[in-house]
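**Q** The structure's right below; bear with me while I get my questions together.
The values are calculated or read from the model by the stated rules, or taken from the named source; none is laboratory data. Just so it is clear, the model here is predicted, and its values are computed rather than measured. Positions of Cβ are backbone-derived with ideal geometry, glycine not excepted, and every protein chain shown enters the neighbour counts. SASA here: full protein model, heavy atoms, side chains in, ligands and nucleic acids out. Shrake-Rupley method; radii C 1.70, N 1.55, O 1.52, S 1.80 Å.
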Amino acid sequence: MYDVAIIGGGIAGMGTAARLQARGLSTIVLEAHGQPGGCAGYFRRNGFSFDVGATTLVDFGPGGVGGELLESIGMLPIEGDALPGYVAWLPDRTVTLHRDPALWSRERLKALGDTQAHRSLWLLLDRLAGVFWRASRVGVRLPIRGLDDALRAARAVGLDGLPLVRYLSWTLADALRARGLGDDRALVGLLSMLVEDTVHSSVAEAPLINAALGITIRGAGLTRARGGMRGFWHSLIARYRELGGELRVGCSVERVEGQGRSYHVTTRRGVISAIQVVAAVPARLAARLGPEPIAEALAPFLRRDANAVGGAVVVFLGVPDDEVAGQAFTHHQLLHDYDQPLGNGNNMFVSVSTPGDTASAPAGFRALMISTHCKLDPWEGLTPEAYRARKHEVGERLITMARRVYPELGRGAVVREVATPATYERFTRRPRGAVGGVRQTLANTNQHAIPHDLGLPGYWLVGDSTWPGLGTVACCLGSRLVAAGVLAEGSRRVRPNRFPTARARGAAHAIRNAH
Ligand SMILES: Cc1cc2nc3c(=O)[nH]c(=O)nc-3n(C[C@H](O)[C@H](O)[C@H](O)COP(=O)(O)OP(=O)(O)OC[C@H]3O[C@@H](n4cnc5c(N)ncnc54)[C@H](O)[C@@H]3O)c2cc1C
């Protein structure tokens with residue numbers, strides 16, 4: 001009997017497992033794929049290592065949300081590069097999205113307009129970001145479901161931040177309209193790209209506070225690990241195993257039964273029993289796996305969010321160094337047309353491995369990923385030939401579009417692969433291949449987000465379909481809150497002599513220390 005079984009070895013599941021293991025609990029991670037990582041994972045081809053989704057780790061420096069994860073499991077800082085920022089290529093100009101706050105303050109006024117209205121908008125976004133990044137770092141928990149949560153949230157936001165809570169009912173478009181900036185094409189174009197990437201939403205619908213966090217994500221720090229996500233996962237898994245954690249790959253969970261005192265997890269490799277369970281898979285999968293009360297509690301959320309999902313297409317290229325020469329930054333985001341809907345290349349992200357990072361690419365070559373959002377239905381119900389043709393067409397289109405940054409891109413590529421929603425469905429099991437959590441609106445985030453605890457004792461949900469949403473930073477915060485919940489639940493159940501083993505005494509000690 002394990003203290004905790006974790007279903008899914010993505011960043012949310014592995015983060016939760018490592019934290020609990022570090023606190024002395026016995027944990028097992030059950031991962032369906034042949035290796036952990038999920039949407040933040042990697043694959044290898046001809047000496048290259050490509051990131052399948054996330055290419056950057058957000059807020060992993062000391063004091064950051066991800067930094068806190070590393071610290072709490074006794075892991076050294078990530079070996080890699082802190083990105084100085086990246087370049088946004090708008091149809092009529094480029095804007096350098098500096099990480100450095102002073103450089104960014106100057107650049108945004110120079111590139112996007114220096115009126116009183118522009119200054120006032122940036123000031124508001126900065127204030128919101130300052131307060132709510134701080135709240136995230138101290139572990140604010142939403143949705144608020146009791147006095148304890150409310151007090152915790154008030155403390156996290158702080159006295160100076162309380163007046164900003166009124167913006168919980170604003171969208172980003174409300175803030176633009178209030179300053180007469182709703183029709184500023186370049187500004188709205190840039191903000192649209194940033195919110196689509198970080199909260200999967202549009203300027204019209206994105207909740208203002210979530211948008212402010214997304215727009216300022218560079219300030220929180222973007223790190224590309226040496227060897228890309230493969231480098232990160234090697235270090236994290238090594239640490240988890242060193243702590244005594246058990247990771248079983250190729251071990252798909254088929255169902256979970258139990259009533260709150262203990263659970264039986266049926267996998268394709270046998271049944272595992274655990275006192276508590278963390279479902280670190282998308283909510284739709286968690287509902288399918290059971291137990292029944294979880295499926296029932298999730299049903300209204302899943303009905304509400306059925307259409308708020310989207311996918312991604314990613315091109316992976318292994319290219320000679322000289323095809324990506326001539327740019328100071330390794331990351332670029334491109335918008336091609338202000339008047340066309342975003343996605344399918346109109347808003348795409350290009351990430352290149354760092355020069356000299358031979359853990360990502362053989363010497364003289366670089367690993368490059370181009371990603372863009374897409375709708376799911378055009379990829380569904382296709383014949384194999386139609387699917388292949390669409391995949392080829394979109395791959396060519398994205399490479400052609402990326403030649404705005406790298407004119408010779410792809411001509412000498414030694415690896416060329418394309419991932420679609422069907423790829424994500426196959427390798428990460430995400431239903432319909434939907435990635436990145438729901439498209440955030442006022443109706444489905446924060447107080448309306450899917451909580452980590454659905455009322456069945458000892459059964460938890462974590463990952464990018466629960467609060468606070470998508471991205472590595474959100475998953476790390478979720479893992480912190482769920483680990484604290486598991487420890488608290490464990491402490492309620494601990495009775496003298498109930499756990500006679502040395503391992504369990506360690507666990508009980510860890511639980512006491514957690515409070
Ligand atoms: C193209 C793209 C680019 C992105 N870029 C960034 C970025 O640069 N920075 C950033 O911070 N975020 C980025 N993201 C978002 C980020 O990758 C995800 O939000 C995050 O990785 C989700 O983690 P998760 O643990 O919630 O879910 P997942 O990564 O989906 O992990 C769930 C795991 O559960 C496993 N699983 C599923 N079903 C079962 C089962 N029945 N039994 C056992 N295991 C199961 C899956 O195989 C998977 O490993 C990007 C995402 C995509 C798709």
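**Q** Of the heavy-atom accessible surface of the chain (probe 1.4 angstrom), what whole percent is carbon and sulfur?
**A** That fraction is 54 percent.
**Q** Mind checking the dipole of the stretch 310-433: about its Cα centre, +1 per Lys or Arg Cβ, -1 per Asp or Glu Cβ, Debye to the nearest 20?
**A** So the magnitude is around 340 debye.
**Q** Continuing with the same structure: If a/c stays under 1.5 just call it rounded; otherwise compare a/b with b/c (prolate if a/b is bigger, oblate if not). Do that for the stretch 48-187, with a ≥ b ≥ c from the square roots of the Cα gyration tensor eigenvalues.
**A** Note, shape of the stretch 48-187 comes out oblate.
**Q** Let me ask another. What does the charge count near Arg185 come to, summing +1 for each Lys or Arg and -1 for each Asp or Glu among other residues with Cβ under 10 Å from its Cβ?
**A** Charge balance near Arg185 sits at -4.
**Q** Quick check for me: using +1 on Lys/Arg Cβ and -1 on Asp/Glu Cβ, what's the dipole size of the chain about its Cα centre, in debye to the nearest 20?
**A** Dipole magnitude for the chain comes out near 1300 debye.
**Q** What net charge is computed for the residues neighbouring Leu147, neighbours being all others with C-beta under 15 Å from the C-beta of Leu147, Lys and Arg scored +1, Asp and Glu -1?
**A** Overall, the nearby charge balance is +2.
**Q** Moving to a separate point now. Go through Ile215, Cys374, Ile275 and say which Cα lies farthest out towards the positive end of the charge dipole of the chain; charges sit on Cβ, +1 for Lys and Arg, -1 for Asp and Glu.
**A** Projecting each Cα onto the dipole axis, the largest value belongs to Ile275.
**Q** Treating the angle as unsigned and between 0 and 90°, give the value, to the nearest 10°, between the Cα long axis of helix 502-513 and the longest Cα principal axis of the chain.
**A** Approximately 60 degrees, to the nearest ten.
**Q** Next question, about the same structure. Per DSSP H run of at least 4 residues, take -39500 (n - 2.57); add these up for the chain, divide by its residues and hand me the 222 nm value, nearest 500 deg cm²/dmol.
**A** -12000 deg cm²/dmol
**Q** Between 0 and 90 degrees, rounded to the nearest ten: what's the tilt of helix 228-242 against the longest Cα principal axis of the chain?
**A** 10
**Q** Further, regarding this structure: Rounded if a/c is under 1.5, else prolate if a/b beats b/c, else oblate: with a ≥ b ≥ c from the C-alpha gyration tensor eigenvalues square-rooted, which is the stretch 214-311?
**A** Judged from the Cα gyration tensor, the stretch 214-311 comes out oblate (a/c at least 1.5, b/c at or above a/b).
**Q** Right, another one. What is the sum of charges around Cys476, taking Lys and Arg as +1, Asp and Glu as -1, for the other residues whose C-beta is under 15 Å from the C-beta of Cys476?
**A** +1
**Q** Mind checking the dipole of the stretch 395-454: about its Cα centre, +1 per Lys or Arg Cβ, -1 per Asp or Glu Cβ, Debye to the nearest 20?
**A** Result for the stretch 395-454 is approximately 200 debye, rounded to the nearest 20.
**Q** Given H placed 1.01 Å from N in the peptide plane, which residues other than close sequence neighbours of Val281 have an amide H under 5 Å from its amide H?
**A** Answer set, sorted by chain and number: Val462.
**Q** Lys/Arg Cβ at +1, Asp/Glu Cβ at -1, dipole of the stretch 310-433 taken about the Cα centre: which of Pro421, Gly311, Pro431 is farthest positive-ward?
**A** The listed residue farthest towards the positive side: Pro431.
**Q** Picking from Pro320, Leu194, Gly10, whose Cα lies most toward the positive end of the charge dipole for the chain (charges on Cβ: Lys, Arg +1; Asp, Glu -1)?
**A** Gly10
**Q** So how tilted is helix 185-199 from the main axis of the chain? Cα-based, degrees 0 to 90, rounded to 10.
**A** The two axes meet at around 20 degrees.
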